[in-house]
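Taking it in order: structure first as structure tokens, then the write-up.
Nothing in this text is a laboratory measurement; each read-out follows from the coordinates by a stated rule. The structure displayed is predicted, hence computed values, not measured ones. Don't worry about glycine lacking a Cβ; one is built from the backbone with ideal geometry, like all the others, and counts go over all protein chains shown.
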Amino acid sequence: MAWYLSSPPSAFFSCDFFFFLRIAKKTTMSLQVSVVLLLYMREIGLSDQETGWLLSGILFGDVVISLYITTHADRFGRRRMLVVGALLKCFAGVIFGLFHNIWFLLIGGGEI
């Protein structure tokens, strides 16, 4: 039997391995965005404490919105929820581009 017809080694080609790669890629991208966001907050003059509060608020808002979207995606439709998520990201980008007040950034950051 040819090598490509036999079953691949399960340790390398298993679904768990590819799942791990996807999670690693998302984590790396998320860390890159966090570094850029941190540099942006320093550039607009936020203190270390304000930056910490803002990043914590962004994380909390992301958890809440992600839980809501994932638990309601099948009820409302996945495409509709993807559109809502994309619009929220656009809203957050506009807020971060226009405002430098910590409270506005916290509202916009909760949508990231």
- [ ] Find all pairs meeting these conditions: Cβ atoms under 8 angstrom apart; at least six residues apart or on different chains; first residue within the range 95-107 and outside any helix (DSSP H, G or I); second residue crowded, with 16+ Cβ neighbours inside 10 Å.
- [x] Phe99/Leu105; Phe99/Gly108
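For the range 36-50, which residues satisfy the criterion of being under 18 Å from the mean Cα position of the chain (by Cα) and either outside any helix (DSSP H, G or I) or within 14 Å of Trp103 (Cα to Cα) (or both)?
Passing the criteria: only Met41.
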Task: Residue ID - farthest from Ile107 (Cα to Cα), chosen from residues in the range 60-80 that are surrounded by 14 or more Cβ atoms within 10 Å (Cβ to Cβ) and under 15 Å from the mean Cα position of the chain (by Cα) - done: Ile69
- [ ] Report the residue count in the range 40-59 for those that are closer than 17 Å to Gly108 by Cβ and of a type in the set (S, T, N, Q).
- [x] 2
